[in-house]
Amino acid sequence: MSTHAQLTPEAEQQLRNQKRNSTISAIIISLLSCALLVAVLFYIALASFSKNQEELVTYSSGAESDEKITKPEMSNEVAKKPSSPTSSMSKVITSSTPSPTAVPVPDVTIDEPSLDFGDGNDFGDGWGSGSGKGSGGGGISFFKQSVKAERIAYVIDYSLSMRGNNKFELMKKELSKSVKALPDNVDYQLIFFAGPAWVAGDKVISGKGGHKNFTINSAGTKYEWSTTSDAHGYRPKVKSKMQQPKWIKSSEGKRKQSLKIIKDTPMVYGTVWEYPLEMALNMEPQPDVIFFMTDGSAGPKSESVARKLGAEAKRDGIIINSVALMEPKAKKAMSDMAKRSGGLFTEVQANGKIIQHDLK
């Protein structure tokens, strides 16, 4: 017969409380252990996905200093084609004071345009209005015809008919004013004409037969001119050997020489347009603009000569600006020649009034 101890109700209640407390403690400890394990695993996983960061460097420059900026010089001398863009060096970001924040230095190549400019088909074509070489803008002016160009040829009437109505003095005044105002480094030339044509500064010698023959003496080279008809029939004896004008590079000294020549050159007999204009059109390199001034027509061939020369100028991209000095008979032919080449036509009336005609 076995004997079993009997617990009092109080003891049984205390035992149940201890079991409950033990169970709760075990559950809490299990949960905390699981949470700790999860945290450890999360940290390990997060570390495996982290990336290596590049080391960032900042540069601290010295004190700011004044830099002397040199501006690129620009002239009327232009290159044929623009150079291809050049690449600049990579830039470094600097700070005048140390920065607590690292700033990355970008590895970038920046294309900078070249400072080389093109010629008449690039930079020169942008100047003025229209083609950029003819009318419009300021710059070079003759009888209120304003242009911007790199090469200017003046084809000017020095015939005996310029004596009347103060035309000769008016022409010399306007021509001298235009030449005196030429910018440095612009190419220019003065071609004078009457019956013969010659480069300003050459010596014109009349032949033994009076006005039938002329000889142009240009630095020892002689060019013969003659006529078999009247004042409008002059032509070079050998056209293939017609004088070839050379460009003058504008400078203060060259302009002073030209002004003296304009003043001292005497008038000559005859009036022929065709050959002096051809001398200008055939210059090498060709002119951008021709200022053509006369006080008389070229006879019955005036209109046909104007059409021919206007078409030649248009073909070669040369503008002819014409000035009819107190001669209404030359108005139609001269305006037609200017219009065909894209130029201007100006009429100077007997009272000195200057009228610029709209050729549109």
## Note on the structure
Residues in the stretch 139-163 that are without any contact (Cβ under 8 Å) to a residue 60 or more places away in the chain and among the small types (Gly, Ala, Ser) total 3
### Summary
Picked from the stretch 122-163 (must be modelled with pLDDT under 50, in contact with a Gly (Cβ under 9 Å, 6 or more places away or on another chain) and part of a loop (DSSP other than H, G, I, E, B)), the residue surrounded by the most Cβ atoms within 10 Å (Cβ to Cβ) is Gly134
### Summary
Only unsatisfied item for Asp264, checking (1) in contact with a helix residue (DSSP H, G or I) (Cβ under 8 Å, 6 or more places away or on another chain); (2) acidic (Asp, Glu); (3) surrounded by fewer than 20 Cβ atoms within 10 Å (Cβ to Cβ), is (1)
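Just one of Ala181, Ala197 is touching a residue at least 24 places away in the same chain (Cβ under 8 Å) and under 30 Å from the mean Cα position of the chain (by Cα); which is it? Reasoning before the result, please.
Numbers: Ala197 fails: under 30 Å from the mean Cα position of the chain (by Cα).
Exactly one of Ala181, Ala197 is touching a residue at least 24 places away in the same chain (Cβ under 8 Å) and under 30 Å from the mean Cα position of the chain (by Cα), namely Ala181.
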### Task
Considering only the stretch 237-263, state which residues are under 18 Å from Asp157 (Cβ atoms) and modelled with pLDDT under 95.
Gln243
### the stretch 215-224, residues that are closer than 29 Å to Leu182 by Cβ and surrounded by 12 or more Cβ atoms within 10 Å (Cβ to Cβ)
Ile216, Asn217, Ser218, Tyr223
### Task
Under 7 Å between Cβ atoms, at least 6 apart or on separate chains: pull out the pairs that start in the stretch 216-227 with a residue that is touching a residue at least 24 places away in the same chain (Cβ under 8 Å) and end on any residue that is of a type in the set (Ser, Thr, Tyr).
Ile216/Tyr223; Trp225/Tyr234; Thr227/Tyr234
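Answer yes or no: is there a residue in the stretch 184-193 that is hydroxyl-bearing (Ser, Thr, Tyr), at pLDDT 95 or above, part of a strand (DSSP E or B) and crowded, with 21+ Cβ neighbours inside 10 Å.
Kept after step one, since they are hydroxyl-bearing (Ser, Thr, Tyr), are these residues of the stretch 184-193: 188.
Those left that are additionally at pLDDT 95 or above: 188.
From the residues that got through so far, the ones that are part of a strand (DSSP E or B) too are 188.
Cutting the leftovers down to crowded, with 21+ Cβ neighbours inside 10 Å gives us 188.
Yes, some residue in the stretch 184-193 is hydroxyl-bearing (Ser, Thr, Tyr), at pLDDT 95 or above, part of a strand (DSSP E or B) and crowded, with 21+ Cβ neighbours inside 10 Å.
The values are calculated or read from the model by the stated rules, or taken from the named source; none is laboratory data. Note that this is a predicted model, so its numbers are computed, not measured. Here the Cβ is made from the backbone with ideal geometry for all residues, glycine too, and neighbour counts use every protein chain on show.
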